[in-house]
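Have a look at the structure below before the remarks.
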Amino acid sequence: MKILVCISNVPDTTTKIKFAEGNTSIDTAGIQWVINPWDELSLTRALELKDDVTSGIKSVTVIHVGTAASEPTIRKALAIGADDAIRVNAISSDAWFVAAQIAEVVKKEQFELIMCGIESSDYNGSIVGGMISEFLGIPSVSAVSDIKIENGQPVLIREIDGGKEVVNVPVPFVAIVQKGIAKEPRIAAMRGIMMARSKPVKLIEPVAVDPMTQVVEFEKPAPRAACKFVDADNPAQLLDLLQNEAKVI
Amino acid sequence: MSVLVYTENWDGKFKKLSFELVSYATGIAKMLNTTVTAVSIGRVDEGELSRLGNYGANKIINVNNEQLAVLDSQAYASVISEISGKENASVIVISNNNTGKAIAPRISVRLKAGVGSGVSRLPLNLNPFTVYKRVCSGSAFAHLVIKSDVKILTLAQNSYDLIETPVNATIENLNPVVDGSLLKTVVKNVQKQSGRILLTDADIVVSGGRGMKSPDNWPPLVELATLLGAATACSRPVSDEGWRPHEEHTGQTGKIIAPNLYIAVGISGATQHLAGISSSKYIVAINSDKDAPIFEAAQYGIVGDAMKVLPKLIEAVKEIKK
């Protein structure tokens, strides 16, 4: 079984976001780029599965749609332990464009398990994984918090309101993974960093697809009013504010 | 033309989320000068279905088909897409919850419809169709233009007020033939906790961080939550340490919530945590460090040790509940 892990290149969460070109784009100057946190956990779980020889996972490939500027993020994924990488050489205009590109690659190369993070921390779309599966006409399971391979068959945990379900689905399929899929992201060891330099990154030119959406303006959230402090010995005052000013209790 | 809204049910009942969706769909329908059709999948009785009319659903399509008893995103997407075509929907409204995230992108591909996900306001503009959505995990918002003829919007939970606009809804029963080859998801086992307020549904949330110092210190926090009818939550270090279950983790990679009131106890307010709670209408912070970033996000604050403040706060709540 071969696993494909989709990774997105996003600004580190602690980066201060600034806008450029009249608030129509994110200012990339000074941004620290990282693997999208959910994709990093997804990659970690894929590698854990491969480490278990009984799982029958042959390889873990990462795929990214982006320009050469994303190379460091791809190398990081390889350093963490992916066997090889595919980069579709294009600006990732929107979810539709990205999903269409990845689906096109999967049509040509066989993968049984395709893993996507449930969301990217930049556009917070939660749509690419589901789109890939529909472009391919294969099943998808969303909100997956665990994947095991038992007797060659994937067994998933799907999070539902107030609980979880054990779900089976035949391969090939797309697993859209969330918190819980791996405990902590795997960190690249020095050996991995050295090896990553010689691992193959296949470059693929995009197919022609028109994006469906476009951000025309960014704005900052409205600033919140300054915090009103209440004396620690007088919590009744806090309740008074919550009852009569905020009217929330 | 119409606005289509998918209203999920929970054991045959709708909840606030369902009515928020219909209120939102009705708001868009008014902008477009058209009507609202709601789609319900599963066994929901007529009385419950007609409640959707209170929020403006003109027509309710009731799909009751045993093949759809289990959420299979492929099958659900096919049924909703087909109904959308018949209803000539120009906008489809779905929740941005787990179910919505599973089916909206699949409907998108079927109908070649662009998605605006996690919207929290009515569209800013109809031409070009522009929606307002949260990006960068809450540190920015974007005006997103959707270029396709049909648009799919997923609505962030607790972000749109319920608006009662009663109409006489007609209920149409539909029993579509579901292509068996689309039904691939097999659910082997379900574990569900009942009787607890779901974090994502809660109007009030009481949440604890590392400042709680030990998992043994949680009883007063839980007591406060019970008194307020609140759900309990926690920060990431707390769930990573195993002090609280990971379902309670609220923050960028955990649950994103938007309650009316969020009480953060012993939470410093790292960017990742704020990403999960910044849409709360009011934030109360209780922290021993007066310089903690949580106070920048909070409207009300108490500087003090959680273990000393909580008992006093509990007593004060008991006093007003008398």
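Just so it is clear, none of the values below were taken in a lab; they were calculated from the coordinates. Source: prediction; values computed, not measured. Glycine gets a Cβ as well: all are built from the backbone with ideal geometry, and neighbour counts include every protein chain shown.
Annotations for the structure displayed:
- With only the Cα atoms considered, chain B has a convex hull volume of 146 Å³ per residue.
- Taken one residue at a time, the phi angles of the stretch A:127-136 give Karplus couplings (6.51, -1.76, 1.60, θ = phi - 60°) of 10, 4, x, x, 5, 4, 5, 6, 4, 8 Hz. Gly and Pro are set to x.
- Under 21 Å from the Cα of B:Lys59 - lysines, other chains or at least 8 residues apart: B:Lys13, B:Lys15, B:Lys16, B:Lys30, B:Lys86, B:Lys151
- 3J(HN,Hα) from dihedral phi, the stretch B:310-317, Karplus parametrisation 6.51/-1.76/1.60, rounded to Hz, x for glycine, proline: 4, x, 5, 5, 4, 4, 5, 5
- 5 angstrom amide H check on A:Asp146, placed H, neighbours 5+ away: A:Ile157
- Gaussian network model of chain A, Cα within-10 Å springs - most flexible of A:Val209, A:Val144, A:Val62: A:Val209
- Based on Cα contacts under 8 Å between residues 6+ apart, chain B shows a relative contact order of 14 percent.
- Degrees separating the helix A:37-51 axis from the principal Cα axis of chain A, which is the longest one: 40
- The stretch B:67-215: antiparallel DSSP beta bridges as a percent of all, rounded to 5: 50
- Based on C-alpha pairs under 8 angstrom that are at least 6 apart in sequence, the stretch B:2-182 has a relative contact order of 28 percent.
- Of A:Asp27, A:Asp84, A:Asp12, the one that fluctuates the most in a GNM where chain A has Cα springs shorter than 10 Å: A:Asp27
- Rounded to the nearest 10 degrees, the angle from helix A:71-80 to the longest Cα principal axis of chain A is 80 degrees.
- Helix B:98-111 vs. chain B, principal-axis angle (Cα, 0 to 90°, nearest 10): 30
- For the protein assembly as shown, the antiparallel share of DSSP beta bridges with both residues in that region comes to about 35%.
- Cut-off under 5 Å, modelled amide H: who pairs with B:Ser148 long-range: B:Gly114
- Listed by Cβ neighbour count within 10 Å, with the fewest neighbours leading, A:Cys116, A:Cys6, B:Cys136 appear as B:Cys136, A:Cys6, A:Cys116.
- This model, with +1 at the C-beta of Lys and Arg and -1 at the C-beta of Asp and Glu, gives the stretch A:2-220 a dipole about its Cα centre of some 760 debye.
- When the Cα positions of B:Ala316, B:Gly276, B:Thr253 are compared along the charge dipole of the stretch B:204-321, B:Ala316 comes out farthest toward the positive end, with charges on each C-beta of Lys, Arg, Asp and Glu.
- In percent, rounded to a whole number, the relative contact order of chain A is 24, using alpha-carbon pairs under 8 Å and six or more apart.
- Euclidean distance between Cα centres, the stretch A:115-156 to the stretch B:131-145, Å: 23
- Bins of 5 Å, starting at 0 and running to the largest distance - Cα pair percent for the stretch B:1-152: 2, 10, 20, 24, 22, 14, 6, 3, 0
- Value of [θ]222 nm, deg cm²/dmol, for chain B, DSSP H segments ≥ 4, -39500 (n - 2.57) each, nearest 500: -8500 deg cm²/dmol
- Listed by chain and number, the lysines whose C-alpha is less than 17 Å from the C-alpha of B:Lys147, apart from same-chain residues fewer than 8 away, are B:Lys112, B:Lys133.
- Residue-by-residue Karplus 3J(HN,Hα) for the stretch A:229-242, coefficients 6.51, -1.76, 1.60, Hz, glycine and proline x: 9, 10, 5, 4, 8, 10, x, 4, 5, 4, 5, 4, 5, 5
- Counted by neighbouring Cβ atoms within 10 Å, the residues A:Glu184, B:Glu20, B:Glu223 run from fewest to most as A:Glu184, B:Glu223, B:Glu20.
- As a proxy for reagent exposure, ranking A:Arg224, A:Arg186, A:Arg158 by other Cβ atoms within 10 Å from fewest up yields A:Arg224, A:Arg186, A:Arg158.
- Counting charges near A:Glu159 (Lys, Arg +1; Asp, Glu -1) among other residues having Cβ under 12 Å from its Cβ returns a value of +2.
- Centroid-to-centroid separation of the stretch A:1-56 and the stretch B:205-256 [C-alpha atoms, Å]: 27
- When only alpha carbons are used to place a centre, the stretch B:17-80 and the stretch A:178-249 end up 31 Å from one another.
- For the stretch A:123-249, share of DSSP beta bridges that run antiparallel, in % to the nearest 5: 80
- Close amide H partners of B:Gly301, meaning residues 5 or more places away or on another chain with modelled amide H under 5 Å apart, are A:Lys228, A:Phe229, A:Val230, B:Ala285.
- At q = 0.12, 0.22, 0.23 Å⁻¹, base-10 log of I(q)/I(0) for the stretch B:204-321 (Debye sum, equal scatterers on each alpha carbon): -0.35, -1.31, -1.45
- Test item: Cα-centred dipole of the stretch B:180-256, Lys/Arg +1 and Asp/Glu -1 on Cβ, debye: 320
- Helix-only CD estimate at 222 nm, as mean residue ellipticity for chain A, using -39500 (n - 2.57) per DSSP H run (n ≥ 4): -7000 deg cm²/dmol
- Cβ-based net charge around A:Gln110, under 13 Å, with every Lys or Arg adding one and every Asp or Glu removing one: +2
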